[in-house]
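The values are calculated or read from the model by the stated rules, or taken from the named source; none is laboratory data. From a predicted model like this one, the values you see are computed outputs, not experimental measurements. Cβ placement follows ideal geometry from the backbone for every residue including glycine, while neighbour counts extend to all protein chains displayed. In case anyone asks, the SASA skips ligands and DNA or RNA and just uses the protein heavy atoms, side chains included. Shrake-Rupley method; radii C 1.70, N 1.55, O 1.52, S 1.80 Å.
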Amino acid sequence: MTDPTAAPKKLFIKTYGCQMNVYDSQRMAEAMGAEGYELTEDQSQADMVLLNTCHIREKAAEKLYSDLGRLKPLKAEKPDLKIGVAGCVAQAEGEEITRRMPLVDLVVGPQAYHRLPAMVRGEAPKIVTDFPEEDKFDHLPQRRATRRAPAAFLTVQEGCDKFCAFCVVPYTRGAEVSRPVERILREARDLVSRGVREITLLGQNVNGWHGAGEDGRDWGFGRLIRAIGEIEGLDRIRYTTSHPNDMADDLIDAHRDVPQLMPYLHLPVQSGSDRILKAMNRKHTADHYMRLIDRIRAARPDIMLTSDFIVGFPGETDQDHADTLRLVAAVSFGTAFSFKYSPRPGTPAYDRPEVDGAVADARLQELQALLSRQQKAAQEGMIGRTLGVLFEKPGRIAGQMIGKSDYLHSVFVEAPEAQVGDLVQVRIIESAPNSLHGELAA
Ligand code: SAH
Ligand code: SF4
Ligand code: F3S
C-alpha cells in the first residue's frame, strides 16, 4: 500500500476509441488513486503515462506508436517515468508492443485492469492479457465518494460473440459477458447519490445483456432498463451500442413505457446491401433492419436514429453502394458515423481482395454528403421545439451554459443563474453545424 505522507504521484491518461474505453479509464484512474496517484492533464508533469488504446481501424492502432515515439524525450529526461499501454491494442499485440517500443513498462489487456495496481508495484508480470474468470470490476476499488459530473457511463456488458467479418472486438474484448443485475443497480444508485442525473449503459452488444433478475427470472435488457428507471433521482437513461438482432420486443416496448429512456437510438447497420451484409456475417438483411425501424418508430414516434456504416468492404460494387444510399434515404438518420473499410489482421475479411482505394474514397464522400444533409435537416427540425437540456459545463461566453438535449445534441443556452447538473426546458432557436442554440423556456 501507499505511504500516506508521500506527495501524490501524477498519472496522465490518454483515451482513444469508444465509450467503453472512457469508462475503463475512469475506473483505472480510481484504482490508481488508491495507490497514491492523482490525475494530471499535463503529460510533462506525469510520473506515469497510461495510453488506453483502440484497435478498430489501422489508423487508430498506429496512433499508439506515434504517441509512444513522442514520449521518448520525456522518458529520457525522467527515467523513472512509467509508461503503460492498456486497451484493445494491448490485447491484440501484447509483447509485440514492448518489442517495438522498449520504453513501455507494462501492457494490460481490457479484462485484466484489476491487476494494474500490482503491475505498477512490480508484483505482477509486465504484460497481462489473459481473460480471467472473475469480473474485473469486482476487484477494482469502489468509485470514491466524490461528486460526479451529471452524466456518467456504466458498463453492463462486455465482449462480443457476433464475429462480423471485419471486426477485431470479439478478439480484443473476448466473449460476451453480462454483469449481474445487483452490481449494476448498486453502481447506478451510487452514481445517482453523487449527483448523476443521466446514465448511459455501455456494452459492445449492450442490448444482448441478460442476467438473473431480483425476481429470480432471467432478465433481458428491456427489463434491466425498467429496473434502472425506478431509481429515484435518475432523470435520463441511454444505452450504446446495440445490434439489430438483439432488439427484443421488451426493449422496443421500454422505449414506449420508460419516460427516462431518451428518444435516441444508435443502431449500426453497416451496409444496405444484402450481399455485403451476408459477406460481413451480420446475419440480418436490409429489409429486416427496415422493419425493425418501423417497429421502433411505432413504439416511440419521436425517436432519433443514428448508425454506423462501412464503405468499400471487400466485394462491394456500385450497386451495393447504391443500396446503402437507398437505405439511408429511406430511414433518415439524425447523424451517423461512416468509415472506409480497414483490413484488420486476424479477422475473416483480412485477406479478401480490396476495393480500389479511390473508388472507396468517392463512395465515402457520397455517403457522408447524404448523411450530413440528414443531420442538418434533423437539427433544423428541432428549431421551435422545447426540449430537456442537462447542463454539463459553462460555455465560453459568460452567462452561457452547454448541455445535451434529449436527442444528444449539444445546446448552448444563455442561463446566467443555472448550475452544472440542472435539467431545464429549452426552446431551440437556431442550428449551427454541430450544435444548437436555445433559450430558457418560460
Ligand atoms: N459493437 C458495435 C460497434 C463496434 S466498432 C456494433 O456492433 O455495431 C464501431 C464501428 O466501427 C462499427 O460499427 C463499424 O462501423 C466500424 N468498424 C469496425 N471494424 C471496422 C473496420 N475493420 N474497418 C472500418 N470500420 C470498422
Ligand atoms: Fe464488432 Fe460485429 Fe461485434 Fe459489433 S457486433 S463488436 S461490429 S463483431
Ligand atoms: Fe476500439 Fe476496443 Fe472500443 S477496438 S472501439 S477501444 S472495443
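Let's see how each residue does on (1) within 15 Å of ligand 3 (Cβ to nearest atom); (2) touching a residue at least 24 places away in the same chain (Cβ under 8 Å); (3) closer than 30 Å to Ser342 by Cα:
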{"residue": "Glu35", "(1), (2), (3)": "no, yes, no"}
{"residue": "Asn52", "(1), (2), (3)": "yes, yes, yes"}
{"residue": "Arg57", "(1), (2), (3)": "yes, yes, yes"}
{"residue": "Ala61", "(1), (2), (3)": "yes, yes, yes"}
{"residue": "Leu71", "(1), (2), (3)": "no, yes, yes"}
{"residue": "Gly94", "(1), (2), (3)": "yes, yes, yes"}
{"residue": "Thr98", "(1), (2), (3)": "no, yes, yes"}
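Limited to region 241-258, what total is found for residues that are open to solvent by 20 Å² or more (accessible area, probe 1.4 Å) and of a type in the set (Ser, Thr, Tyr)?
Result for region 241-258: 1.
Answer with yes or no whether Leu371 is in contact with a Leu (Cβ under 8 Å, 6 or more places away or on another chain), assigned by TED's automatic domain parsing to the domain that holds Leu277, within 17 Å of Phe333 (Cα to Cα) and at pLDDT 95 or above.
In short, no.
Restricting attention to region 347-356, and to residues there that are touching a residue at least 12 places away in the same chain (Cβ under 8 Å) and over 23 Å from the mean Cα position of the chain (by Cα), which single residue is farthest from ligand 1 (Cβ to nearest atom)?
Pro353
Kindly indicate the residue of region 290-310 that is open to solvent by 20 Å² or more (accessible area, probe 1.4 Å) and not aliphatic (A, V, I, L, M) and also nearest to the chain's Cα centre (by Cα) among those meeting that condition.
Per the stated criteria, the residue is Asp308.
Taking the criterion of being assigned to a loop (DSSP other than H, G, I, E, B), farther than 20 Å from Ile303 by Cβ and out of contact with any helix residue (DSSP H, G or I) (no Cβ under 6 Å at 6 or more places or on another chain), would at least one residue in region 423-430 satisfy it?
For region 423-430, residues assigned to a loop (DSSP other than H, G, I, E, B), farther than 20 Å from Ile303 by Cβ and out of contact with any helix residue (DSSP H, G or I) (no Cβ under 6 Å at 6 or more places or on another chain): absent.
Condition (residue is more than 14 Å from ligand 2 (Cβ to nearest atom) and part of a strand (DSSP E or B)) applied to region 184-191: is it met by at least one residue?
The answer is no, given that none of the residues of region 184-191 is more than 14 Å from ligand 2 (Cβ to nearest atom) and part of a strand (DSSP E or B).
Tell me, please, whether a residue that is at pLDDT 95 or above, within 25 Å of Asp294 (Cβ to Cβ) and in a helix (DSSP H, G or I) can be found in region 344-366.
No: zero hits.
Which of the residues belonging to region 103-138 are of a type in the set (Ser, Thr, Tyr) and assigned to a helix (DSSP H, G or I)?
The answer is Tyr113, and nothing else.
Name, by its number, the condition in (1) out of contact with any His (no Cβ under 8 Å at 6 or more places or on another chain); (2) within 16 Å of ligand 1 (Cβ to nearest atom) that does not hold for Gly208.
(1)
For region 407-422, which positions are open to solvent by less than 50 Å² (accessible area, probe 1.4 Å) and over 28 Å from the mean Cα position of the chain (by Cα)?
Ala415, Ala418
In the list Arg352, Arg373, Arg326, Arg396, which residue meets the criterion of being more than 16 Å from ligand 3 (Cβ to nearest atom) and either surrounded by 16 or more Cβ atoms within 10 Å (Cβ to Cβ) or hydrophobic (A, V, I, L, M, F, W, C) (or both)?
Exactly one residue qualifies, and that residue is Arg352.
Evaluate region 334-348: report whether one residue or more is more than 16 Å from ligand 2 (Cβ to nearest atom), open to solvent by 50 Å² or more (accessible area, probe 1.4 Å) and outside the structural domain of Asp406 (by TED's automatic domain parsing).
Scanning region 334-348 turns up no residue that is more than 16 Å from ligand 2 (Cβ to nearest atom), open to solvent by 50 Å² or more (accessible area, probe 1.4 Å) and outside the structural domain of Asp406 (by TED's automatic domain parsing).
Answer yes if at least one residue in region 68-84 is closer than 30 Å to Arg183 by Cβ and either among the polar types (S, T, N, Q) or under 23 Å from the mean Cα position of the chain (by Cα) (or both), and no otherwise.
yes
What residue, among those in region 259-277 that are over 30 Å from Leu234 (Cβ atoms) and more than 16 Å from ligand 1 (Cβ to nearest atom), is most open to solvent (accessible area, probe 1.4 Å)?
By that ranking, first place goes to Arg275.
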